[in-house]
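Visitor: Okay, here's the structure, questions in a sec.
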Amino acid sequence: GGFIIPRPKIPVWWRWYYWACPVAWTLYGLIASQFGDYDTPMMKTDGTEEALNKFLKNYFGFRHSFLGPVAVVTAGWSILFAFIFAFSIKKLNFQSR
């Protein structure tokens with residue numbers, strides 16, 4: 001839809017879907033690795049200042065210290081999709097003569 005609903009704003013009964021989505025893991029890894037260690041103050045819309053890494057933790061729930069598991073899960077999703085593709089190519093052959 002062009003917008004992101006942060007994990008803390010998702011209802012509790014739908015958070016399992018957030019963790020099952022490969023795009024969420026990819027965005028978590030990209031944003032947390034690029035901006036998660038910056039403590040530069042930023043101006044929020046209400047006029048207050050907050051450190052960038054604190055904002056990411058409070059609003060999105062992204063922690064820079066969680067990058068190891070994020071990398072493992074992102075690689076795991078890639079391996080799973082590659083395995084499903086290889087299995088499907090091998091078993092689902094609809095060509096006949």
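What follows draws every value from the coordinates through simple rules; no lab data is involved. Just so we're clear, the structure is a prediction, and the values are computed from it rather than from any experiment. Glycine also receives a Cβ, built like all others from the backbone with ideal geometry; neighbour counts cover every protein chain displayed.
Each row is one residue, and each column tells you yes or no for (1) under 14 Å from the mean Cα position of the chain (by Cα); (2) β-branched (Val, Ile, Thr).
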site: 37; (1), (2): no, no
site: 48; (1), (2): no, yes
site: 71; (1), (2): yes, no
site: 80; (1), (2): no, no
site: 85; (1), (2): no, no
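Visitor: Shifting gears a bit: Looking only at region 50-69, how many residues end up being within 22 Å of residue 20 (Cβ to Cβ) and more than 21 Å from the chain's Cα centre (by Cα)?
Guide: Total satisfying the criteria: 0.
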